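Questions regarding the structure given below will be posed in turn.
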Amino acid sequence: MIKLFGPDRIRLGWPDQEWAVWVSGMDDVIQQPNVEGALAYAADHNASACADYDGNPYTPVTWAVVLHRGYAWSSHVEHRAGRDCGVQGCVHCGTDRNIAAKDAERANVPDLKPVTTDDWAKTLVATGLEPGPALGYRLTTGPYEVAVHIATSNDLTTAVRGELVDAIQKRVSNAVHRVLRRLPVTVWRQHADGTSVTVTDATTSQAATPTA
């Protein structure tokens, strides 16, 4: 007796065949282009076998079974076993495939920890981000102590990108005030197009006020 389903199921075909039909008795494995073709072939064969059967127990009968990667296939059996049924239009499996694809996409996101300017340039190319302004912080009459390079999605509008950069500048300024105890600081803001502006930033929150 051939066990078609379950943990001890027998592989009747070959793993490199996505869809096929196995015909019992003759033990033929007939490759099919897709699940629809396999189902149509199996249904036609089984309907013909039923029509030709004369009821005699000695009359040989052959049945057609749809195979997926060599194993007997049934969508509800695959779902019950927690496997992908392989049908492209399956809503249940399609959701799982989308989640898996997004997980794989997230896993392939380049490392955003550049150590050189070359690494930073490669990261921008890999992520598709657009280089934004660079913020340099220094004492009003001293050397630069902190620099922040910003890159944003090119899907952002100019207004949104400007608002985002302004918010980042304020946050970093507060951190410079609080951690380095620099107040005020000069912020040098150079844009990707080569233009730059230098402003004195004395804006700080209560938490950023230097303490003894």
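How about the stretch 165-182: which of its residues are more than 10 Å from Tyr137 (Cβ to Cβ) and among the charged types (D, E, K, R)?
Asp166, Lys170, Arg171, Arg178, Arg181, listed by residue number.
Also, I was wondering about something else. If I go through the stretch 120-142 residue by residue, how many of them are closer than 15 Å to Val199 by Cα and either free of Cβ contacts under 8 Å to residues at least 40 places away in the same chain or among the hydroxyl-bearing types (Ser, Thr, Tyr) (or both)?
Total satisfying the criteria: 4.
Shifting gears a bit: Which condition number in (1) closer than 21 Å to Gly82 by Cα; (2) assigned by TED's automatic domain parsing to the domain that holds Ala81 is the one that Glu36 fails?
The failed condition is (1).
With respect to Thr186, determine if the residue is at pLDDT below 75, in a strand (DSSP E or B) and loosely packed, with under 14 Cβ neighbours inside 10 Å.
Here the answer is no, as Thr186 does not meet what is asked.
One line per residue, one yes/no per condition, for (1) assigned by TED's automatic domain parsing to the domain that holds Val87; (2) of a type outside the set (Ser, Thr, Tyr); (3) in contact with a helix residue (DSSP H, G or I) (Cβ under 7 Å, 6 or more places away or on another chain):
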position: Pro7; (1), (2), (3): no, yes, no
position: Ser24; (1), (2), (3): yes, no, no
position: Asp27; (1), (2), (3): yes, yes, no
position: Asp44; (1), (2), (3): yes, yes, no
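Got at least one residue in the stretch 162-175 being in contact with a helix residue (DSSP H, G or I) (Cβ under 7 Å, 6 or more places away or on another chain), at pLDDT 75 or above and not acidic (Asp, Glu)?
The answer is yes; a qualifying residue exists.
Continuing with this model, one more query. Hey, could you check the stretch 10-52 for residues that are part of a strand (DSSP E or B) and in contact (Cβ under 8 Å) with a residue 24 or more places away in the chain and say which is surrounded by the fewest Cβ atoms within 10 Å (Cβ to Cβ)?
The selected residue is Val29.
Here is a further query. For the subset of the stretch 64-93 comprising residues that are touching a helix residue (DSSP H, G or I) at 6+ places or on another chain (Cβ under 6 Å) and in contact (Cβ under 8 Å) with a residue 24 or more places away in the chain, which member is surrounded by the fewest Cβ atoms within 10 Å (Cβ to Cβ)?
Val87
Can you tell me which residues in the stretch 1-19 are basic (Lys, Arg) and within 15 Å of Ala64 (Cα to Cα)?
Lys3, Arg11, listed by residue number.
Separate question: Give the residue, chosen from Ser75, Ser24, that is at pLDDT below 90 and either under 41 Å from the mean Cα position of the chain (by Cα) or charged (D, E, K, R) (or both).
Checking each option against the conditions leaves just Ser75.
A further question on this structure: Just name the residue that is nearest to Pro133 (Cα to Cα) out of those in the stretch 150-162 that are of a type outside the set (S, T, N, Q) and surrounded by 12 or more Cβ atoms within 10 Å (Cβ to Cβ).
The selected residue is Ile150.
Continuing with the same structure: Against the condition modelled with pLDDT of 85 or more, out of contact with any helix residue (DSSP H, G or I) (no Cβ under 9 Å at 6 or more places or on another chain) and not aromatic (Phe, Trp, Tyr), how does Leu39 come out, does it pass?
Answer is yes for this residue.
The values are calculated or read from the model by the stated rules, or taken from the named source; none is laboratory data. All of these numbers come straight from a predicted model, not from anything done at the bench. Counting neighbours? That spans all protein chains shown, and the Cβs are built from the backbone with ideal geometry, glycine included.
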